[in-house]
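Every read-out reported here was derived from the displayed coordinates using simple, explicitly stated rules and does not represent laboratory data. In this text, all values refer to a predicted model and were calculated from it rather than measured experimentally. Methodologically, a virtual Cβ is constructed for each residue, glycine included, from the backbone with ideal geometry; neighbour enumeration extends over all protein chains shown.
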């Protein structure tokens, strides 16, 4: 009888220990993992911040201190033709500083929860099939320096609140279906690259930031004169 009890305990103990260790070593915040799963349609049985392999290429994480969890700080998906929709879960990645989904097959509208990514410095969704407006989220990216949404199917007016992104140095919205007037962007005093070509923009040319070095406005319906820019290449 004593031998039977000991055998049962010896079987249970490793199971309990394994469960405890899996909790201890699951270092990535659960909501970050869920957001990553929605992007790559993968079953992350391993911790993405503690693992290597094809599933985890292009993913960088913060180093946890004390009892804190790791957070995903950068996602740069490879050009493997990832397909699907960008879900609201993307807004859970609140520590992201770089998000690059370019040259894949994502489609559908961009979720408004993108405005939760307050630490984002670089965002690139170029070369996908995203549709709809960007007005519901883009003004929330107060720290962003580079935005590339070119070569999609985005539409509507370029939101006036884009002028609030005072750290912006690069803005590419070319090869979309944006329409109506270009908003007042002269307050984007750090902007050096502005690419708005191949849209459906109309009206007169706006006053442009004086630091611009690269400007593309071709294949629109614009009229009038462009502000004299000394640094333009």
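Considering all different alpha carbon pairs of the range 164-233, the Kirkwood hydrodynamic radius works out to 12.1 Å. By the equivalent-ellipsoid construction on the alpha carbon gyration tensor, the range 117-233 comes out with semi-axes of 20, 18, 12 Å, ordered largest to smallest.
What's the FRET efficiency of residue 60 with residue 142 using the Cβ-Cβ distance as r and R₀ = 35 Å, to the nearest 0.05? For R0 = 35 Å, the calculated efficiency reads 0.95. Extending 7 Å from the Cα toward the beta-carbon at both residue 68 and residue 202 defines two label points whose distance is 5.1 nm.
Give the whole-number value, in cubic angstrom per residue, of the convex hull volume spanned by the C-alpha atoms of the range 47-201. Display every interim value, and only then the final one.
Values: hull volume 16.8 nm³, N = 155.
Cα-based convex hull of the range 47-201, divided per residue, equals 108 Å³.
Starting from 0.36 nm per residue, how many nanometres of slack lie between residue 164 and residue 180 once their C-alpha separation is accounted for?
On the way: separation 16, 0.36 × 16 = 5.76 nm, distance 1.96 nm.
Using 0.36 nm per residue and subtracting the Cα-Cα distance, I get 3.8 nm.
The protection proxy used here, the mean number of other Cβ atoms lying within 10 Å of each residue, ranks peptides 197-206, 85-94 as follows, highest first: 85-94, 197-206.
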